[in-house]
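Worksheet: one structure, shown below.
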Amino acid sequence: MTTDTNSLADHYRLARTSWRDVGAIYRLQKAVFPQDALSWPEVLFLLLWPGFHNLKALSPGGEVAGYVCGGRLPVGSKIWIMMIGVHPAHQRRGLGRRLLTASEETLDGSAIYLTVRASNTPASMLYQQAGYRQVRVKRRWYPGGEDGIEMRKDRL
């Protein structure tokens with residue numbers, strides 16, 4: 001018997017984040033991106049920044065299983081997906097795609113940008129399937145010197 005990943009993602013509830021979620025999202029980020037995790041104050045900043053749209057995915061048991069943060073940066077006019085992550089125990093269920101789609105629906109503008117580690121093939125594939133395309137390489141963007149791939153999704 002096969003299981004449809006979209007039906008698995010439907011078992012999670014999406015909700016807006018608040019400052020009360022900073023600890024859970026910080027811990028989740030450290031589990032997902034141990035080399036790239038933002039500091040606790042940086043996570044708080046992104047969760048509280050006016051105009052950012054932040055969502056969390058709650059597992060059937062009520063734990064924060066994923067998150068996404070997107071919005072317009074204070075400098076410039078581009079709209080960015082700043083953070084997106086799904087805890088390893090909840091990956092491969094369509095939850096990342098669901099979070100990305102839900103975030104895109106809250107964002108205005110003609111294009112959305114994001115940056116992904118060059119070695120993060122699963123995330124790159126997800127973004128390409130969602131309509132993002134590579135626009136440039138950010139040399140030595142990540143800790144440890146790995147390149148970042150800036151991607152853009154044009155919206156009609």
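The values are calculated or read from the model by the stated rules, or taken from the named source; none is laboratory data. Keep in mind the model is a prediction, meaning the values are calculated, not measured. Cβ: placed from backbone, ideal geometry, glycine included. Neighbour counts: every protein chain shown.
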Across the stretch 76-107, which residue is modelled with the highest pLDDT among those that are assigned to a loop (DSSP other than H, G, I, E, B) and either hydroxyl-bearing (Ser, Thr, Tyr) or surrounded by 15 or more Cβ atoms within 10 Å (Cβ to Cβ) (or both)?
87
Looking at this structure, is residue 21 of a type outside the set (Lys, Arg), surrounded by 12 or more Cβ atoms within 10 Å (Cβ to Cβ), out of contact with any Cys (no Cβ under 9 Å at 6 or more places or on another chain) and part of a loop (DSSP other than H, G, I, E, B)?
no
Tell me, please, whether a residue that is assigned to a loop (DSSP other than H, G, I, E, B), in contact with a helix residue (DSSP H, G or I) (Cβ under 9 Å, 6 or more places away or on another chain) and surrounded by fewer than 17 Cβ atoms within 10 Å (Cβ to Cβ) can be found in the stretch 122-130.
yes
The stretch 72-97: number of residues that are in contact with a Leu (Cβ under 7 Å, 6 or more places away or on another chain) and either within 18 Å of residue 47 (Cα to Cα) or touching a residue at least 40 places away in the same chain (Cβ under 8 Å) (or both):
12
